[in-house]
Amino acid sequence: MSEADQLARRFEEDRPRLRAVAQRMLGSGAEAEDAVQDTWLRLSRADSASIDNLPGWLTTTVGRVCLDRLRTRSARPEQPWDSPGPEPDPTGDGPVDPEREALLAESVGRALLVVLDTLAPTERFVFVLHDMFAVSFEEIATVVDRTPTAVRQIASRARRRVHQDGTVREADPARQRRVVEAFLAASREGRFDDLVSLLDPHVVMRADAVAATLWPAVETRGSAAIAGFFNGRAQAAVPAYVDGLPGAVVALGGGVRIAISFIVTDRIIGIEVVADPAQLATLLFAD
C-alpha cells in the first residue's frame, strides 16, 4: 500500500468523528460533509510526515474550516434544526454505515444545535472542540490566536450559556456526575477494571505545569495508562463541579489545591488537572 493510500485509509477511519465535529459546528449535514472534504484536501496538500498526532491535527483543522465558514455567514440564515438527522454520506458507493449514522444521530440533538447557534463563532468553536471532543486549550489557542487562559475563559462563558437552560444538555448532567463519582470510587478502592470500563479507550489526561510535578506527565493517553495512574488514588478527592464540568477537588488548609474536571460523553473522554494557584483562582466551583 502506497503512502498516499495509507493516508487516505487513516482519514477514512477518522471521517465519522470529523463529520460529528462539523455537524455540531455548522448544524447542517451537507455543510458538514463539505467541511470534511475540505479538510481532506488540506491534508492531501500538507506534509503528513511532519504531523505527529494525525487525529488531533484533523480535529483542529476541520474545526478551523468550520470556524471560517461560521464567520463568513451573512445573508442566508441557518436553520440547522430543520433536518431530522444527519444526511447520508454522498461520497459513499456502498450502503450507509449504521454505526456511523447512529453515532451522528446520538451526538447532535436539535435542542443543543438551537442553543449552539446562539453562540458567537469563536465561542462555538471552543465549546465544541473542548467540551465535546476534549481538544486541549493550548491546541485551540493556536487556532483562535488567543492565550490558553483566554480560551479557558471563553469555554467557561460558552458553557454557562449552553447550560443556562437546564433542559438543553447534550448529556444528562446527573448521569455525567454518576460516571465521575463511580470513577472516583473505583480509584479509591483500587478497582482497575472498573476504571478502564469508565474511560474511553482514547481518553486524554492533561495536567498543568504545577500538577505535572505530581502527575506522570503533562499529557497521558489511553484508558489503561490513566486507569493505572488513578488505581488506588483519589483518596482526598471530593466530587464537585469545576467551571461547569463534573469533576473533583482536593482541598487543604481551607483552599482548593487541585481541581480535576472530566469531559463525559458516553464514557470519560478527557480529564484536566489544574494545580497552578493562578489558574485555580479563575475557576468556579460548586458542590
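Within region 179-205, work out how many residues are part of a helix (DSSP H, G or I) and touching a Ser or Thr at 6+ places or on another chain (Cβ under 6 Å).
Residues meeting the conditions: 1.
Please pick out the residue among Glu106, Glu138, Glu101, Glu123 that is closer than 30 Å to Arg206 by Cβ and at pLDDT below 50.
Being closer than 30 Å to Arg206 by Cβ and at pLDDT below 50 holds for just one of Glu106, Glu138, Glu101, Glu123, which is Glu106.
Output the number of residues of region 125-147 satisfying the condition of being surrounded by 16 or more Cβ atoms within 10 Å (Cβ to Cβ), more than 15 Å from Val242 (Cα to Cα) and not hydrophobic (A, V, I, L, M, F, W, C).
3
Of the residues that sit in region 206-231 and are over 19 Å from the mean Cα position of the chain (by Cα) and not in a helix (DSSP H, G or I), which one is nearest to Pro277 (Cα to Cα)?
Val210
Could you say whether any residue in region 34-43 is over 20 Å from Ser2 (Cβ atoms), of a type in the set (A, V, I, L, M, F, W, C) and over 16 Å from the mean Cα position of the chain (by Cα)?
For region 34-43, residues over 20 Å from Ser2 (Cβ atoms), of a type in the set (A, V, I, L, M, F, W, C) and over 16 Å from the mean Cα position of the chain (by Cα): present.
Among the numbered conditions (1) of a type in the set (A, V, I, L, M, F, W, C); (2) under 22 Å from Arg157 (Cα atoms); (3) modelled with pLDDT of 90 or more, tell me where Leu245 comes up short.
Condition not satisfied by Leu245: (3).
Report, ordered by the first and then the second residue, all pairs with beta carbons closer than 6 Å, sequence separation of six or more or different chains, a first member in region 1-29 that is touching a residue at least 12 places away in the same chain (Cβ under 8 Å), and a second member that is among the hydroxyl-bearing types (Ser, Thr, Tyr).
Leu7/Ser48; Ala20/Ser107
So which residues in region 183-216 are buried (at least 16 other Cβ atoms within 10 Å of the Cβ) and within 11 Å of Ile268 (Cα to Cα), if there are any at all?
Phe183, Leu195, Val196, Leu198, Leu199, Asp200, Val203, Val204, Met205
Considering only region 217-237, state which residues are free of Cβ contacts under 8 Å to residues at least 40 places away in the same chain and more than 19 Å from Ile268 (Cα to Cα).
The one that is free of Cβ contacts under 8 Å to residues at least 40 places away in the same chain and more than 19 Å from Ile268 (Cα to Cα): Ala236.
Could you tell me which of the residues Asp276, Asp243, Asp266 is surrounded by fewer than 20 Cβ atoms within 10 Å (Cβ to Cβ) and closer than 21 Å to His163 by Cβ?
So the residue among Asp276, Asp243, Asp266 that is surrounded by fewer than 20 Cβ atoms within 10 Å (Cβ to Cβ) and closer than 21 Å to His163 by Cβ is Asp266.
Looking at Arg24, is it within 19 Å of Val143 (Cα to Cα), assigned by TED's automatic domain parsing to the domain that holds Thr122 and surrounded by fewer than 22 Cβ atoms within 10 Å (Cβ to Cβ)?
Criteria not met by Arg24.
The values are calculated or read from the model by the stated rules, or taken from the named source; none is laboratory data. Keep in mind that what you see is a predicted model, and the values were worked out from it rather than measured. Heads up, the Cβs are rebuilt from the backbone with ideal geometry, glycines too, and the neighbour counts pull from every protein chain shown.
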